[in-house]
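> This is the structure, below, for whatever I ask next.
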Amino acid sequence: MMTSFSIRRFLTFYTLACLLLGCLYPVFAQESRPNIIFIFSDDHAYQAIGAYGNKIAKTPNIDRLAREGAILTNNLVTNSICGPSRATLLTGKYSHMNGYRNNDRTRFDTTQTLFSKELRKSGYQTAWVGKMHLNSLPAGFDYWNVLPDQGFYYNPQFISQPNDTTKYTGYVSDLITKFSTDFIEKRDISKPFFLIVGHKATHREWMPDLQDLGAYDHINFPLPATFYDDYKGREAALKQDMSIDKTMRLKLDLKVGVDYDKDYLYKRLNPEQRKVFKGYYDKITKDYEDQKRTGKALVEWKYQRYMKDYLATANSLDRNIGKLLDYLDQKGLAKNTVVIYASDQGFYLGEHGWFDKRFIYEESLKTPFVIRYPGVVKPGTKVSDLIANIDWAPTILNIARAKIPSDIQGKSFLPLLKSPREAKVPWRKEAYYHYYEFPEPHHVHPHFGVRTSRYKLAYFYGGISSWELYDLETDPTEISNIYGKAGTATITADLRKKLESLMVQYKDEEAIKIFTAAKK
Ligand code: CA
């Protein structure tokens, strides 16, 4: 039994210990919060990734993340282009709420609520390296070293703090990894960190690293089933300007007949780079000139060249993800670091005869997203619920145990990552989409729509007035617009109601007006 003396002594010791630990507690608490790395590529299609079913593309490191963590099979974007996707990442909001609707020269309003600012407030050290493409400097970041605008694949400039531009020799994906690990090396180790690794790859004009030139030349890529789509019953699809046949440029995109002294993308190469790069593409140019292909032979040749360059460019992206994962292993950081890999939106790899993105159709609506969260997300987890990119910001804040601002429109999907579907975590059953950029650069009419697990209803406007309805179960490639067809009245009415209520929920007043005026 304790005497009153020993009780007093114990209490004094206890009080002292509590005071001491009390002072130390916030440090412990912060250290236990995970670091978060968000690897964010550009235009990297889910169809181009092994973990998503591609049997040809070599993506061992993205596949590794998927295997060691979770893969999202229905991660949709809210507006399928580059800048708006980044604005949505930062704000957790639709384009009409964060003000960034198009890839034009609009300056992103950094005074609004950004999740990076919330992370900082909660004690995270934050950094952005690589592509940002928002016509503004990073806000809510302690450190940055970013590409101006689109950046270049070879010998790119970077803007570092406070606003200094430096040109580096080398390949962009390697430099981005180097600057990312430089940040991690020099970080304040008393805080957890959040780092965006913004890759330029695999954005047009698909310039592979020298070591990857020809990596897929032995492959004859199978044509997608919809390669020769006639766009019947789909007015906007008929009027687009993003086809491999008509829009893809022989010189700037496919490097046929490049003038290495004049063409701005290619005159950047230094003499050593030029020798290897030109050596490879001179053979392609010669083949193009010798064969004099026309018609289908020519468009199929362009498709093959496109796929070879696109996947070869992705090789460096994946290799650099591997370098970063190895670095985390070597430094003992892997266990307490969440690693996310996502693209800013999906992309067409010849489906409907296209490259580029923009449309509400599956290939550009869906984007790859894998996440490794050791000790929390079970390896091999698959989430097929309808996630949207407005959910990324609140999920990251949730992982960081930081406050989620009430005006964020998305919702944390961390519970879905933790629980199998049988746990019945309530989740959205329909997702809302709204695209704006028209007519330049690819003449894709603005449109909005709703996607459920089975159906998609969309309305195209801006000089046309065109409804489209797809049953993804019977028509997964979306070539049969069944809007107005017999037997679709009930589902159309239901989807229309859902679409309208989503517009109200997300406060898209402009869309409500267009929807109301639209021909029924
Ligand atoms: Ca993009």
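Please treat every number below as a calculation from the coordinates, not as lab data. Computed from a predicted structure; not experimentally measured. As a convention, Cβ positions derive from the backbone with ideal geometry for all residues, glycine included, and neighbour counts pool all protein chains shown.
> What relative contact order, as a whole-number percentage, does the chain give when Cα pairs under 8 Å and 6 or more residues apart are counted? Working shown, then result.
Working: 983 pairs, mean separation 120.2, N = 520.
Reported as a whole number, the value is 23 percent.
> Taking Rh as the Kirkwood radius computed over C-alpha pairs, what is the Stokes-Einstein D of region 79-226 at 4 °C in a medium of viscosity 1.567 mPa s, expressed in µm² per second? Walk me through the intermediate numbers first.
Working: Rh = 16.8 Å.
Estimated via Stokes-Einstein, D reaches 77 µm²/s.
> Going by average Cβ neighbours within 10 Å, how do the peptides 317-327, 387-397 rank, with the highest at the top? Please report the intermediate quantities before stating the final value.
Numbers: 317-327: 20.6, 387-397: 25.4.
Taking the mean over residues of other Cβ atoms within 10 Å, the ranking is 387-397, 317-327.
> So, one more: Given H placed on each backbone N at 1.01 Å, which residues far from ILE49 in sequence or on other chains put an amide H within less than 5 Å of it?
Placed amide hydrogens put ASN54 under 5 Å from ILE49.
> Could you give the spread of the C-alpha atoms of the chain along their three principal axes, from largest to smallest, in whole angstroms?
100, 64, 39
> Once you compute Rg and the Kirkwood Rh from C-alpha atoms, what is the Rg to Rh ratio for region 202-274? Spell out each step's value before the answer.
Numbers: Rg = 16.2 Å, Rh = 15.2 Å.
That ratio is 1.07, to two decimals.
> Find which of THR111, PRO374, ALA139 sits farthest along the positive direction of the dipole of the chain, computed with +1 on the beta-carbon of Lys and Arg, -1 on that of Asp and Glu, about the Cα centre.
After comparing all options, I get PRO374.
> Using the Karplus curve 6.51 cos²θ - 1.76 cosθ + 1.60 with θ = phi - 60°, what ³J(HN,Hα) values do you get for each residue of region 383-395, in whole Hz, with x for Gly and Pro?
10, 10, 5, 7, 8, 10, 5, 5, 7, 5, 4, x, 5
> Debye calculation, C-alpha points only, no solvent: report log10 I(q)/I(0) for region 346-410 at q = 0.22 Å⁻¹, in the same order as the q values.
For region 346-410, the Cα-only Debye profile gives -1.01.
> Taking the Cα centre of the chain as origin, work out the dipole magnitude from +1 charges on Lys and Arg Cβ and -1 charges on Asp and Glu Cβ, in debye rounded to 20.
Numbers: 73 positive and 60 negative charges, 256 e Å.
Dipole size: approximately 1240 debye.
> Using the Cα centre as the reference, give the magnitude of the dipole from point charges on the C-beta atoms of region 356-462 (Lys, Arg: +1; Asp, Glu: -1; all else neutral), rounded to the nearest 20 debye.
With only Lys, Arg, Asp and Glu charged at Cβ, the dipole is about 640 debye.
> Around GLY130, which amide H atoms from residues at least 5 apart in sequence, or from another chain, sit under 5 Å from its own amide H, with H modelled in the peptide plane?
Amide H to amide H, under 5 Å and 5 or more residues apart or across chains, GLY130 pairs with ASN145, VAL146, LEU147, GLY198.
> May I pose another question? Just want the answer: with Cβ charges of +1 for Lys and Arg and -1 for Asp and Glu, which residue in THR516, TYR216, GLN330 is farthest toward the dipole's positive end in the chain?
GLN330
> Quick one: grab Rg to one decimal and Dmax as a whole number for region 406-520, Cα atoms only, in Å.
Expressed in Å, the Cα Rg and Dmax of region 406-520 come to 15.9, 46.
> Taking amide H positions as placed 1.01 Å from N in the peptide plane, with prolines and chain starts having none, which residues 5 or more places from ASN74, or on another chain, fall under 5 Å of its amide H?
Long-range HN contacts for ASN74: ILE387.
> Using each residue's phi in region 140-145, evaluate 6.51 cos²θ - 1.76 cosθ + 1.60 at θ = phi - 60° and report the 3J(HN,Hα) Karplus result to the nearest Hz, with x for Gly and Pro.
Along region 140-145, the couplings run x, 10, 6, 9, 8, 8 Hz.
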